[in-house]
Amino acid sequence: MPIRRLPGDRSRTRLHITNKKPQGKLHKANDTGLSCMAVATTQKGEANFESNYKGETQSIIEEWKKKWEIPTVTYGITNESKHFPDNSIEMRAMTVALRVWQLRIKDIRFKRVYDTTVNTPDIPLTFVDAENDKLFSERPGVLAYAYFPTESPIGGDITFNDSYNWTLTGESIPAWKVDPEHYTKNTTVKLKGYNMVHTMIHELGHAIGLRHDEFNKDSVMHPFYNGKVVLSPTDVRRIQTFYGERKISNKWIQYFRDRMLSGRIR
Ligand SMILES: [Zn+2]
């Protein structure tokens, strides 16, 4: 599978993202077709959201102008992660994340493409090592990126940085499992794992049209990794302006959330 190149035309953008503490102005989502997941961490590896938002209580987000106009949007995995024996973990994260959005909207539905070598899905998911991706090479702090819906086939594409350790819930991983060359089973060292479901919900949000929400730290669409797997009221309101409101009781949403968090969803 060739690595997708960034387009060389005006839709190519520069990202401003980091895995270090943000300096000065908060990094903004670009608005020319490519967006990103960014992570801010302290020295302890915790997410860091300090300072940039003080006094901001009102949000005005100029929304992306395009959305999926087809009733059925297809998805599938074109390159699985090297960290798992098959793609079942990745597919599960994608299915859960799609459901989080699907439960709130009515104008589109998502359908899986099983053989992505035969049919290219509208939303293809690719995992790639940082050294094999131009953007990740230049910006090693980027966890993943996605393209907004556009007329171009690249719209909706999602790429995860496979040089990070991904887990379904963001739990840390015994180092010997990831790096048996340097750690033996006796070690108590653990490596940070990143929440694949959270990141997937965020990137899917871009893939169906949402820009970043810089104003709400609890939003899944916040530009920095926060591990959220529940949509904020702002996330919900925004996506429903794109695709209509699906009337569903909070009881059902809670039911799916509980199943998802307890790991029983498939
Ligand atoms: Zn993003």
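The values are calculated or read from the model by the stated rules, or taken from the named source; none is laboratory data. Predicted model only: the values in this text are computed from it and were never measured. Every residue, glycine among them, receives a Cβ derived from its backbone with ideal geometry; neighbour counts consider all protein chains shown.
The table below lists the values:
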read-out	value
Pairs with Cβ under 8 Å, 6+ apart, first in the range 198-217 and within 23 Å of ASN165 (Cα to Cα) and within 11 Å of the ligand (Cβ to nearest atom), second part of a helix (DSSP H, G or I) and among the charged types (D, E, K, R)	GLY205/ASP235
Count - residues of the range 144-167 that are hydrophobic (A, V, I, L, M, F, W, C), assigned to a loop (DSSP other than H, G, I, E, B) and within 14 Å of the ligand (Cβ to nearest atom)	1
The lone exception for ARG238 - which of (1) basic (Lys, Arg); (2) surrounded by fewer than 19 Cβ atoms within 10 Å (Cβ to Cβ); (3) within 27 Å of GLU69 (Cα to Cα) it fails	(2)
Failed criterion for ASN195 (all others in (1) farther than 26 Å from GLU69 by Cβ; (2) surrounded by fewer than 19 Cβ atoms within 10 Å (Cβ to Cβ) hold)	(2)
Answer residue from the range 168-190, given it is among the hydrophobic types (A, V, I, L, M, F, W, C) and outside any loop (DSSP other than H, G, I, E, B) and is surrounded by the fewest Cβ atoms within 10 Å (Cβ to Cβ) among those	VAL178
Failed item in (1) within 14 Å of the ligand (Cβ to nearest atom); (2) closer than 20 Å to ASP162 by Cα, with ARG238 passing the rest	(2)
Yes/no for GLY193 being at positive phi and within 18 Å of the chain's Cα centre (by Cα)	no
Restricting the range 63-112 to residues that are of a type in the set (A, V, I, L, M) and in contact with a Phe, Trp or Tyr (Cβ under 7 Å, 6 or more places away or on another chain), the residue that is surrounded by the fewest Cβ atoms within 10 Å (Cβ to Cβ)	LEU103
For LEU191: the one exception among (1) away from the ligand (no atom under 16 Å from the Cβ); (2) modelled with pLDDT of 90 or more; (3) in contact with a helix residue (DSSP H, G or I) (Cβ under 8 Å, 6 or more places away or on another chain)	(2)
Any strands (runs of 3 or more DSSP E) falling wholly within the range 57-138 and containing at least 2 residues that are touching a strand residue (DSSP E or B) at 6+ places or on another chain (Cβ under 8 Å) and charged (D, E, K, R)	109-112
Yes/no for ILE123 being under 28 Å from ASP235 (Cα atoms), touching a Gly at 6+ places or on another chain (Cβ under 6 Å) and within 16 Å of the ligand (Cβ to nearest atom)	yes
Filtered residue count, the range 191-238, keeping only those that are assigned to a helix (DSSP H, G or I) and among the hydrophobic types (A, V, I, L, M, F, W, C)	7
Every pair of residues 6+ apart whose Cβ atoms lie under 6 Å, when the first sits in the range 64-88 and is within 28 Å of SER163 (Cβ to Cβ) while the second is of a type in the set (Asp, Glu)	THR74/ASP122; ILE77/GLU90; GLU80/GLU90; SER81/GLU90; SER81/ASP162; LYS82/ASP162; ASN87/GLU80
Conditions (1) crowded, with 24+ Cβ neighbours inside 10 Å; (2) over 30 Å from ARG104 (Cα atoms): number failed by VAL220	(2)
Near pairs, Cβ below 8 angstrom, 6+ apart or cross-chain, from the range 131-148 (in contact (Cβ under 8 Å) with a residue 24 or more places away in the chain) to any residue that is basic (Lys, Arg) and within 11 Å of the ligand (Cβ to nearest atom)	PHE148/ARG211
